[in-house]
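What follows is a single structure, written as structure tokens, with notes after it.
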Amino acid sequence: MSLLSIMLLVSLFGLVVFKTEGRLLTETPKQIVADTAWFSPKRLECRFRRNDKALLQEPCSYFEGNNAVAVIGNSHSHELAYAIAEKISPKGLGILQYGVQGCGHVYSLKKQTQNFCYKWHEKVFNEVSADENVKYVVLSYRNEKKLHKKHRRRGLVRLARAFKASGKKVILVLQAPMPQRHRLCADCISYYW
């Protein structure tokens, strides 16, 4: 086989990979599931940093409509908020998304009152609780490291109960387990619920 033939085959293979976006077998079960994992187009716009500016920022709003759902969490809540918004927007409903990267749930942890994340959660809790349009609150954090501590689990449950006491329906979305960190189970939360 000549060098020119090899170069043509490699080029052709590269073109096929490029045209299929690296997916030569697009109908495998793994690829079908992977195709549902899209990046939220508002991720960069709605990415609040852990600083005092975030205390002044308005939540991100997805689609037009009655903002009946508030999604609250850290950076792992962005794609969830967008996915829920896509599903409920045909019904004329929108979403408010509150998320600060790196903020675990610290609501009601009194030792944390000077902590930025504590202040942010207090602000968000007060806003969402007072918003009569919001009927559902979705809590979603990447926090499996923190939930091994009893006071952190109780803090998350207190946050959910406080929203429930304000008349909201609360949905807690735990993150998918990660290798080497999957010791957390649903029993850890439901025990305190």
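The values are calculated or read from the model by the stated rules, or taken from the named source; none is laboratory data. On a predicted model such as this, the values are computed, not experimentally measured, just so you know. Positions of Cβ are backbone-derived with ideal geometry, glycine not excepted, and every protein chain shown enters the neighbour counts.
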Inset, instruction - Output the number of the condition that Ser140 fails; it satisfies all remaining conditions of (1) at pLDDT below 75; (2) in contact with a helix residue (DSSP H, G or I) (Cβ under 6 Å, 6 or more places away or on another chain). - result: (1)
Inset, instruction - For region 73-84, state whether one or more residues are at pLDDT 80 or above and not in a helix (DSSP H, G or I). - result: yes
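In this structure, is Gly99 in contact with a Gly (Cβ under 6 Å, 6 or more places away or on another chain) and closer than 19 Å to Ala160 by Cβ?
It is true that Gly99 is in contact with a Gly (Cβ under 6 Å, 6 or more places away or on another chain) and closer than 19 Å to Ala160 by Cβ.
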Inset, instruction - Could you tell me whether region 34-57 includes any residue that is assigned by TED's automatic domain parsing to the domain that holds Lys169, at pLDDT 80 or above, outside any helix (DSSP H, G or I) and more than 30 Å from His151 (Cα to Cα)? - result: no
Inset, instruction - Write out, first by first residue and then by second, each pair whose Cβ atoms fall under 7 Å of each other, whose residues are 6+ apart or on separate chains, and whose first residue, in region 153-177, is assigned by TED's automatic domain parsing to the domain that holds Cys117 and over 19 Å from Cys117 (Cα atoms) while the second is hydroxyl-bearing (Ser, Thr, Tyr) and surrounded by 15 or more Cβ atoms within 10 Å (Cβ to Cβ). - result: Ser166/Ser129; Lys168/Tyr136; Lys169/Tyr136; Ile171/Tyr136; Val173/Ser140
